[in-house]
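To keep things clear, I will list the structure first and then write my remarks on it.
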Amino acid sequence: TIQILLTGLAFKGKPRTNDWRNSPSIELGRFLDSKGFEMFGWDSLISSRVIKENWLKDFSLLSQIPEVVILANNSDDNLNFLMTELNTSKNKLEIIGDPWNMLRENEMFNQVISRGISVVTISKSFHG
């Protein structure tokens, strides 16, 4: 089973909020879960308890970053979390879904691509 981590579960990242009512990431997560993917969640402002209560497994259960990470809102916390995890833990990350084009506008884009990780945005794909 492919594991997918959704980061940024709140309905928006800027300004920062812990409100995830009507969040597109929830709908995306439910859809992917219904297709058989193992779904995990992380958000800097939403508690692990709330994440677990709402069908997602907490990221802390993983021993490494999964194959796919989706930056589900435009919070800078998502990028900081991703780069911290890439630099401090084992990972099998192959694809980053970045619908907000956050990586492309950040100096860490080249670092991600140089690791052989593909980045998929709404309009383009970049392969490492």
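The values are calculated or read from the model by the stated rules, or taken from the named source; none is laboratory data. Quantities reported herein were computed from a predicted structural model and do not represent experimental measurements. Ideal geometry is used to build each Cβ from the backbone, glycine not excepted, and the neighbour counts take in all protein chains shown. To get the accessible areas, we keep the full protein, side chains included, count just its heavy atoms, and leave off ligands, DNA and RNA. Shrake-Rupley method; radii C 1.70, N 1.55, O 1.52, S 1.80 Å.
So which residues in the stretch 1-50 are touching a residue at least 60 places away in the same chain (Cβ under 8 Å) and open to solvent by 60 Å² or more (accessible area, probe 1.4 Å), if there are any at all?
Within the stretch 1-50, Ile2, Phe11, Lys12, Lys14, Arg16 meet the criteria.
Given the structure, is Glu53 within 15 Å of the chain's Cα centre (by Cα) and free of Cβ contacts under 8 Å to residues at least 40 places away in the same chain?
no
Filter the stretch 52-74 down to residues that are open to solvent by less than 10 Å² (accessible area, probe 1.4 Å) and either among the acidic types (Asp, Glu) or in a loop (DSSP other than H, G, I, E, B) (or both) and give me whichever is farthest from Pro24 (Cα to Cα).
Across the stretch 52-74, the extreme among qualifying residues is Pro66.
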